Amino acid sequence: MKVLCFSSFTFSYLNRARVLYASLRRFHPDWELVALITDEPPPGFVLDVAAEPFDRVVYASELGIPTFRSWLFKHDVVEVCTAVKGPFLLQACNSGADAVIYLDPDTALLGSLSPLEAWLEADDILLTPHLLDPNDDRQAIEDNDVATLRTGIYNLGFVAVRTSGEGARFAQWWNDRLLTHCYDDIPNGLFVDQRWCDHVPALFDKVKVVRDPGYNVASWNLSRRKVSVEKDGRILVNGAPLRFWHFTKLGPVGDAMTRRYAGENFPVYEIWSWYKREVAAATDPAIPSRWWAHGVYQDGGPIEKAHRLLYRGRPDVQAAFPDPYAVGAGSFQAWMAEFAA
């Protein structure tokens, strides 16, 4: 089976993505690895693809999204790095690959994903739920069970599809939804791509919900997953081989949630320690922390969330300012300054 695997990120997440792709290269040297980047490199940094652990780069601006700069402006960084997954997946289904796998840049393989290829021989769409077992502790129920009711049953840090049949039909549907409705707007029932995929088992056939505890291990399911290390070095989760870990919220928040639910499950801390060392080693000092070229107007002024929301909700404003990043007289920025005065 010919597999294409991709991740979506900005240059500020290149360090995490390097760790992911290096782990993919270790376990799956035959897969095509593609970096989907919605960004422009910071001054002084040059991306040398030949020196990276991925095979090629696709920039979001190359996806053919209509009125791209106007569309881009409607999203914050998390929203847009999620939204571009749809059009890339749709195009990848026509790339000659038999299967396409998406992984978040803050994931890393600690075991082979070969079972996915076998599952994709029988099913066309693979999803991993946030939770496999119900929690019984009140804090865990509120942190995890209730949270997934707001953010989605399935974690879209992973999805895999066959490029034909129901997988191709899913790719078209996902593309259409993410181009127009990929926003962090929980009060109105949206959380980027995840709430949409709550529909998938009802809308599509040949969907497999991956219930193996070795996939997509993260702070939100550690309360019900026990990690152990065997004498031969194998890492197990509830007795199953560990396949990949989702290192969400790298930093104080991730540390706090991990401590809360790992408790005395000490191998968890060893895995996190390894990941932090790998990310640090992959960090390029030429890339400023939290860099995102599309987070500012052309003059470097920050774009407020309220500006994006107003632009998103006003088709007349979008028509008047097709390039909302522009500055100076007659620009959206100038109009907003006058509007706010």
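Couple of notes before you dig in:
- Inter-site label distance for Val46 and Arg260 at 7 Å from Cα along Cβ, in nm: 4.6
- Once C-alpha pairs closer than 8 Å and six or more residues apart are averaged by separation and normalised to the residue number of segment 75-221, the relative contact order reads 37 percent.
- Surrounding net charge for Gly189, when Lys and Arg each add one and Asp and Glu each subtract one, Cβ distance under 12 Å: -1
- Rounded to the nearest 5, the antiparallel percentage of DSSP beta bridges internal to segment 122-238 is 75%.
- For Ser8, Ser112, Ser70, Ser273, order by how many other beta-carbon atoms lie within 10 Å, fewest first: Ser273, Ser112, Ser70, Ser8
- Across segment 298-317, the residues whose backbone nitrogen lies under 18 Å from the label position 7 Å along the beta-carbon direction of Ala337 are 298-308.
- Annotation for segment 67-92 versus segment 294-325: alpha-carbon center distance of 15 Å.
- Contact order relative to length of the chain, as percent, for alpha carbon pairs under 8 angstrom and 6 or more apart: 22
- Relative to one another, the C-alpha centroids of segment 173-219 and segment 1-44 are positioned 22 Å apart.
- Cα pair distances of segment 286-333 binned at 5 Å [whole percent]: 5, 20, 28, 24, 12, 6, 4, 1
- Column: log10 I(q)/I(0), Debye, Cα scatterers of segment 1-145, q = 0.12, 0.19 Å⁻¹: -0.59, -1.22
- For segment 271-341, relative contact order (Cα pairs under 8 Å, six or more residues apart, normalised by length) works out to 20 percent.
- Scattering from the chain was approximated by placing one identical point on each alpha carbon and applying the Debye formula without solvent; log10 I(q)/I(0) at 0.07, 0.11, 0.13, 0.15 1/Å stands at -0.30, -0.76, -1.06, -1.38.
- The packing ranking of peptides 190-198, 216-224, highest mean first, is 216-224, 190-198, where packing means the average number of other beta carbon atoms within 10 angstrom of each residue.
- Here the Karplus curve 6.51 cos²θ - 1.76 cosθ + 1.60, taken at θ = phi - 60°, turns the phi angles of segment 58-65 into couplings of 10, 8, 4, 5, 9, 7, x, 5 Hz, with x standing for Gly and Pro.
- Peptides 9-20, 274-285 ordered by average Cβ neighbours within 10 Å, highest first: 9-20, 274-285
- Shape class for segment 231-287: oblate, because the ratio a/c of the largest to smallest gyration tensor axis (alpha-carbon atoms, square roots of eigenvalues) is 1.5 or more and b/c is at least a/b.
- For Tyr102, Tyr269, the sequence from fewest to most other C-beta atoms within 10 Å is Tyr269, Tyr102.
Each reported figure results from applying straightforward, stated rules to the coordinates on display, with no laboratory input. All of these numbers come straight from a predicted model, not from anything done at the bench. Heads up, the Cβs are rebuilt from the backbone with ideal geometry, glycines too, and the neighbour counts pull from every protein chain shown.
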